[in-house]
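Taking it in order: structure first as structure tokens, then the write-up.
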Amino acid sequence: MKKKVVVTYEDGGKLIYRGYNEEDDSYFLTYPRFSLGVVKVTRQYYPLKDNEEVTLFSK
């Protein structure tokens, strides 16, 4: 299932992942390259208009 994951950082930057990766979304919190300074992680499945954004992590 296609999804969009948005990782928001302390400095206001965002990493937006769009794809079919079936890895657990905690990947963005445990992988050191992406996990420093994370404030919020959200996931939303496509089609975006039919699915609500779900907060996976919030500081």
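The values are calculated or read from the model by the stated rules, or taken from the named source; none is laboratory data. All values reported here derive from a predicted model rather than from experimental measurement. Please note: Cβ atoms are built from the backbone with ideal geometry, for glycine as well, and neighbour counts cover all protein chains shown.
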Would region 16-37 turn up any residue that is at pLDDT 90 or above and in contact with a helix residue (DSSP H, G or I) (Cβ under 7 Å, 6 or more places away or on another chain)? no
Go through region 16-38 and give me each residue that's surrounded by 14 or more Cβ atoms within 10 Å (Cβ to Cβ) and in contact with a strand residue (DSSP E or B) (Cβ under 8 Å, 6 or more places away or on another chain). Tyr17, Asp25, Phe28, Leu29, Phe34, Val38
Selection within region 1-12 - under 19 Å from Val54 (Cα atoms) and surrounded by 10 or more Cβ atoms within 10 Å (Cβ to Cβ): Lys2, Lys3, Lys4, Val5, Val6, Val7, Thr8, Tyr9
